[in-house]
Structure formats: structure tokens, C-alpha cells
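Note sheet for the following structure.
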Ligand SMILES: C[S@@+](CC[C@H](N)C(=O)[O-])C[C@H]1O[C@@H](n2cnc3c(N)ncnc32)[C@H](O)[C@@H]1O
């Protein structure tokens, strides 16, 4: 059978399996991922949720007919699509040429598990849950701030930073309730451990103890041994935010600390409010060895 007929026949097979399974997209019998396109509206929203722009290098893992990479190139980014099926790689190259973006949209015949992701600022995929889980350790090891977007499938214990649902009536297979799900993760910096912090011209030394599960933080803080209440914390790539209240420099205060993590150092601005005056001052934290 000609390879493209095989893809089509497999596509029909996947459709039938998917319908039999009540609409959930399925792997082939050998566990591999079938070729099913993401509807254009879904592609548009995947690129938008990741805020893809001219500074970005996007890699689509299993690029099919190239639509995600071509969409990224249209937004000025440079994109690479890899696919295990050489016919689809050729088709994607033709589509990029027709769209006039061949200079920014490259396609390679390659196994996604053998693809170097280290240069990507955005990684996209429409694969299967078990493949996402296999990829997860490599994605978590990418530079903090790298955006990962998956159509429909999540990443098990690594919860998404954002999820949106898109009406996808023209979706060939899969989807639940006529919807596509788009998940976004921002690769978190490693911030777990003990830190010492100081606010410019206010109070004494702070100790921070941070426990981290992916991007979720559990933070304890004190100033010179007096406990501070950390009401909320957020980690997005290298950016950390903490909402803190307690006695600082002997005065009751609410603080919003925003900082950027750079290895063993965090630097940022703290907005302080003592009930009467609001101030902004620098804060710096260093990791305790
Ligand atoms: C569901 S399609 C998604 C296509 C495209 N990314 C989109 O969203 O329209 C999955 C693609 O992954 C490709 N694929 C499956 N296993 C792969 C592997 N191990 N390495 C590279 N590509 C693979 C398939 O050939 C197929 O084109």
C-alpha cells in the first residue's frame, strides 16, 4: 500500500476506533500517535495562549501537515516541525512554501523523542496522554519560562498553568462535548530550599523556606524569628510573587513581593502598605547553602 494511503487508511481506522470509544482519540494498536489535524481555530488559540511572537523559536512535536509551525511563522516566529512520517514532512514543506513562510518554518523527518528541544522557547504538541507523560521530564528540564502547549491532553501530575476550552465542531476525531482543550504550562525555575532576604531600609533579615511541587509553592517566612504569614504565592517561569503580612520592622504590614529568580539569587520590588502609607522598595534574596 502507498504510504499516503496507509496514513489515510489509518486515519479512517482511528476515526472508527475513536467513535467506538465514545469520541476519545486513541493510539494505534502499537501505541503510536495517529495523524489527526488540530482545527485552525485551535491552532490559533494554541499560539495565542503561548503569546507566540517574533522572538520565539517554536517546536511542534509531531507536526502533521505543518499547520502549527506555519501559524507560528505567520506571527513572525521561527518554527521547527518534526514528524515520523516522511510524507507528512514533505506535505508540510509544500504547505509552508505555499504560505510564503519557508524561511521561518522548517520541517524534519525525525522521531520526536530524538529531537533536541533545548533551543525552543515554545513547545507544542497534539499527541497522547502517555506520550506527554514520557516527555514531561525533558520538558521540565528546559529553560525556566519555556511555554509548553498541548492540544487536549494534560501532563498528569504537572497541572497546567492555564487551560481553555474551544468549540471545535469540525474536529475530525476526539474532543469531549464538541470542545477542544488547550493546556499551557510555563516551565518553572527551581526555587525550593532556604533563602535569606532583605528589604531596602525596612526591618531585619527574613528567612524563607520554600517547598515546591512543579510551579506550586508552599512558603514559610519569618523576620528575625518572628513568623510572617504568606497568604499567596505564585511562580511563573522565573517570576515569583508572594503576598505577605505580619510585623515588619516592628510595624504591622501587608507586602506584595515580586521578583525574578536567577540561580541562587532573587531580586525584585516589594510594595509595602502599613495601613497609612504605601511604598515600593527593592528586595533581594540569596540561597542559603
Ligand atoms: C495528532 S497529529 C498532530 C498534527 C499537528 N501537530 C496538529 O496539531 O495538527 C500527531 C502527529 O504526530 C506524528 N507522530 C507520531 N509519533 C511520532 C514520533 N514518535 N515522532 C514524530 N512524530 C510522530 C504523527 O505522524 C502525526 O502527524
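The values are calculated or read from the model by the stated rules, or taken from the named source; none is laboratory data. Everything numeric in this text was worked out from a predicted model, so none of it was measured. Reconstructed Cβ throughout: ideal geometry from the backbone, glycine too, with neighbour counts over all protein chains shown.
Here is how the numbers come out for the structure above:
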quantity: Check on residue 172, assigned to a loop (DSSP other than H, G, I, E, B) and surrounded by 13 or more Cβ atoms within 10 Å (Cβ to Cβ); calculated: yes
quantity: Of the criteria (1) buried (at least 20 other Cβ atoms within 10 Å of the Cβ); (2) assigned by TED's automatic domain parsing to the domain that holds residue 282; (3) under 18 Å from the mean Cα position of the chain (by Cα), which one residue 228 fails; calculated: (3)
quantity: Unique match (being over 14 Å from residue 184 (Cα atoms) and free of Cβ contacts under 8 Å to residues at least 24 places away in the same chain) among 142, 128, 133, 117; calculated: 133
quantity: Residue within the stretch 221-240 that is assigned to a strand (DSSP E or B), in contact with a helix residue (DSSP H, G or I) (Cβ under 7 Å, 6 or more places away or on another chain) and within 30 Å of residue 152 (Cα to Cα) present; calculated: no
quantity: Looking only at the stretch 145-159, and only at residues there that are touching a strand residue (DSSP E or B) at 6+ places or on another chain (Cβ under 9 Å) and surrounded by fewer than 19 Cβ atoms within 10 Å (Cβ to Cβ), the one that is nearest to residue 73 (Cα to Cα); calculated: 145
quantity: Residue match in the stretch 264-285 (condition: closer than 27 Å to residue 155 by Cβ and part of a strand (DSSP E or B)); calculated: yes
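For (1) within 25 Å of residue 185 (Cβ to Cβ); (2) in the same structural domain as residue 118 (by TED's automatic domain parsing); (3) touching a helix residue (DSSP H, G or I) at 6+ places or on another chain (Cβ under 7 Å), each residue gets a yes or a no:
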{"position": "34", "(1), (2), (3)": "yes, yes, yes"}
{"position": "47", "(1), (2), (3)": "yes, yes, yes"}
{"position": "55", "(1), (2), (3)": "yes, yes, no"}
{"position": "68", "(1), (2), (3)": "yes, yes, yes"}
{"position": "72", "(1), (2), (3)": "yes, yes, yes"}
{"position": "78", "(1), (2), (3)": "yes, yes, no"}
{"position": "86", "(1), (2), (3)": "no, yes, no"}
{"position": "96", "(1), (2), (3)": "no, yes, yes"}
{"position": "105", "(1), (2), (3)": "yes, yes, yes"}
